[in-house]
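The values are calculated or read from the model by the stated rules, or taken from the named source; none is laboratory data. Source: prediction; values computed, not measured. Glycine gets a Cβ as well: all are built from the backbone with ideal geometry, and neighbour counts include every protein chain shown.
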Amino acid sequence: MGLLIRGGEIVTADSRSRSDIFIEDETISRIGIGLYAPPGTQVIDAAGKLVFPGFIDPHVHIHLPFMSTFAKDTHANASVSALIGGTTTFIEMCCPSRHDDALDGYHTWKQKAEGNSACDYAFHMAVTRYDATTEAQLREIVRDGTASFKIFLAYKNFFGVTDEEMFHTLKLAASLGVITTAHCENAELIGQLQQLLLAAGKIGPEWHEPSRPESVEAEGTTRFATFVEQTRAAGYVVHLSCAPALRAAVEAKSRGVKLYVESVLPHFLLDKTYAERAGVEGMKHIMSPPLRDRRNQAELWSALNTGLIDTVGTDHCPFDTEQKLLGINAFTQIPNGIPGIEDRVNLMYTYGVKRGRLDLHRFVDALSTRPAQIFSLFPRKGTIAVGSDADLVVYDTAYRGTISAATQHGINDYNGFEGFAIEGRPSAVTVRGKVQVRDGVFVGEPGRGRMLRREPQYGAQEVDYAH
Ligand SMILES: [Zn+2]
């Protein structure tokens, strides 16, 4: 039985046209006007609606042991939340700590996801230690279809790597043609500033941002870009939050470093005054890099619109109120993270496209096409074309609603965007041709999602120092 999406306005990263889409099995088989629907075809009327390629969240945490607790989500729950919000693929950070075995960690993450996700997914493999066993393990993980790494310059002694370990990771990644994503903040400065602030009695969440100021992120960005350059690697800065870090990344790009930039939902819409709210209200908005001074937002929107910021993710990482209160006596003990997997598409559409800050095609590009291209999923994902997976979002631009923890589908007991109005939401969402969501309700097959195996695409680079 086929599926026909009839009469919608198809919007991709570079085109817009009114057409029907016919899907057989899991892929798009025809695109055209007035397509014939054989008997038994399921028809979705998309007249008056936009049809986007399924959105891809390139940066989420679902299973995550962190700061003496675990992020709240399960793959079942997070994937349903993602789909209701129009995200049909997520890339999860597989994050064993420096004290764990990397390969064991990889298998743990895979097992947690397997059979439990309602949408397709992939992993970035965190490299949190580099020793004699690491190269063989990473080669095995890449062979298994996980063609991107993650390193942390922050979180010393837990996820964080030394400069020496960063060098070896990037050198191996370059030789494998694998891209490395990086959390860019200077771990040493953060640790020292945290101790000074706590010693001065500055223990509340409002001191989180001053403990990791903008220049600390800019330094990490510059250092990562320099290591990427000298190893001939491909790099991707995750969750870039502020103008000084943006300048560092743009400077590296302009001298030819293969560097991509991601910013995440909270930094476009929230500022540090949210984290300065009293007590647990402030703690709900603790993430790293921290929410910044509002003056950064116009620069982030502008860089996103021109493509200097390549992608928009969420860094979805839900901890509930009780967990946030672990940091009641010291801001350094507040679990870092905020959920967002359900809200990224609707909020970026409303506050970007509808407010005139973000071109509609760039919106599709940054939230779907570019993540697919950078992470070896294109053109299977990230566009609407014959032969591509039928991951589609029929988008109702007439919908009006408000974000609230009371109506969200995530497990968490708060939403960092509480009270934000949205002007649009998915009316139908498909995963490989199966309708999974209708108008905010999950109607599909819970375990439908599959792990997407990805091939290295950056070309093996070896630096020959002998010549
Ligand atoms: Zn993250």
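Only one entry in Ala82, Ala76 is in a helix (DSSP H, G or I), over 14 Å from the mean Cα position of the chain (by Cα) and either within 16 Å of the ligand (Cβ to nearest atom) or not polar (S, T, N, Q) (or both), namely Ala76. Filter the range 150-197 for residues that are assigned to a strand (DSSP E or B) and either among the basic types (Lys, Arg) or closer than 21 Å to Phe375 by Cα (or both) and give the result. Those that are assigned to a strand (DSSP E or B) and either among the basic types (Lys, Arg) or closer than 21 Å to Phe375 by Cα (or both): Lys150, Ile151, Phe152, Ile179, Thr180, Thr181, Ala182, His183. Within the range 314-330, being within 16 Å of the ligand (Cβ to nearest atom) and charged (D, E, K, R) holds for one residue alone: Asp315. For the subset of the range 155-195 comprising residues that are touching a Leu at 6+ places or on another chain (Cβ under 7 Å) and within 16 Å of the ligand (Cβ to nearest atom), which member is modelled with the lowest pLDDT? Going through the qualifying residues, I end up with Gly160. Look at the range 232-261: where a residue is free of Cβ contacts under 8 Å to residues at least 40 places away in the same chain and on the phi > 0 side of the Ramachandran plot and a partner is part of a helix (DSSP H, G or I) and away from the ligand (no atom under 16 Å from the Cβ), sitting 6+ places away or on another chain with Cβ atoms under 9 Å, you get Gly256/Glu229.
Results for (1) surrounded by fewer than 24 Cβ atoms within 10 Å (Cβ to Cβ); (2) touching a residue at least 12 places away in the same chain (Cβ under 8 Å), shown as yes or no for each residue.
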{"site": "Gly86", "(1), (2)": "no, yes"}
{"site": "Lys112", "(1), (2)": "yes, yes"}
{"site": "Gly115", "(1), (2)": "yes, yes"}
{"site": "Leu138", "(1), (2)": "yes, yes"}
{"site": "Arg143", "(1), (2)": "yes, no"}
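Evaluate the following for Gln297: is it in contact with a Phe, Trp or Tyr (Cβ under 7 Å, 6 or more places away or on another chain), within 27 Å of Phe420 (Cα to Cα), assigned by TED's automatic domain parsing to the domain that holds Thr69 and more than 16 Å from the ligand (Cβ to nearest atom)? Yes, satisfied. State yes or no: is Tyr458 farther than 29 Å from Gly115 by Cβ, buried (at least 16 other Cβ atoms within 10 Å of the Cβ) and outside the structural domain of Thr311 (by TED's automatic domain parsing)? Yes: the conditions hold for Tyr458. Of all residues assigned to the range 196-210, none qualifies as being under 19 Å from the mean Cα position of the chain (by Cα) and within 23 Å of Asn336 (Cβ to Cβ). Within the range 100-109, is there a residue that is closer than 27 Å to His361 by Cα, out of contact with any Asp or Glu (no Cβ under 6 Å at 6 or more places or on another chain) and β-branched (Val, Ile, Thr)? Looking through the range 100-109, none of the residues is closer than 27 Å to His361 by Cα, out of contact with any Asp or Glu (no Cβ under 6 Å at 6 or more places or on another chain) and β-branched (Val, Ile, Thr). Counting only residues that are of a type outside the set (D, E, K, R) and within 16 Å of the chain's Cα centre (by Cα), how many does the range 115-145 have? Summing the residues that are of a type outside the set (D, E, K, R) and within 16 Å of the chain's Cα centre (by Cα) in the range 115-145 gives 7.
Scanning the range 336-370 for residues that are of a type in the set (Gly, Ala, Ser) and in contact (Cβ under 8 Å) with a residue 40 or more places away in the chain, we see that the one that is farthest from the ligand (Cβ to nearest atom) is Gly352.
Residue check, Val280 against (1) surrounded by 19 or more Cβ atoms within 10 Å (Cβ to Cβ); (2) over 22 Å from Thr350 (Cβ atoms); (3) in contact (Cβ under 8 Å) with a residue 40 or more places away in the chain; (4) not charged (D, E, K, R), all met but one. Which one? The failed condition is (1). Take Gln333 and decide whether it is touching a helix residue (DSSP H, G or I) at 6+ places or on another chain (Cβ under 7 Å) and either within 16 Å of the ligand (Cβ to nearest atom) or over 24 Å from Gly235 (Cβ atoms) (or both). Taking the combined requirement at face value, the residue satisfies it. Please determine whether any residue of the range 105-121 is in a loop (DSSP other than H, G, I, E, B) and of a type in the set (D, E, K, R). Within the range 105-121 (the criterion being in a loop (DSSP other than H, G, I, E, B) and of a type in the set (D, E, K, R)), the answer is yes, since at least one residue qualifies. Inspect all residues belonging to the range 100-110 and state whether any of them is within 28 Å of the chain's Cα centre (by Cα) and within 16 Å of the ligand (Cβ to nearest atom). Yes, some residue in the range 100-110 is within 28 Å of the chain's Cα centre (by Cα) and within 16 Å of the ligand (Cβ to nearest atom).
Selection of the range 211-229 for residues being touching a residue at least 40 places away in the same chain (Cβ under 8 Å), away from the ligand (no atom under 16 Å from the Cβ) and not hydroxyl-bearing (Ser, Thr, Tyr) yields Glu214, Arg223, Phe227, Val228.
Residue count for the range 396-434 satisfying the condition of being surrounded by 16 or more Cβ atoms within 10 Å (Cβ to Cβ) and assigned to a strand (DSSP E or B): 10. Tell me, yes or no, whether the range 14-34 has at least one residue that is within 16 Å of the ligand (Cβ to nearest atom) and modelled with pLDDT of 95 or more. Scanning the range 14-34 turns up no residue that is within 16 Å of the ligand (Cβ to nearest atom) and modelled with pLDDT of 95 or more.
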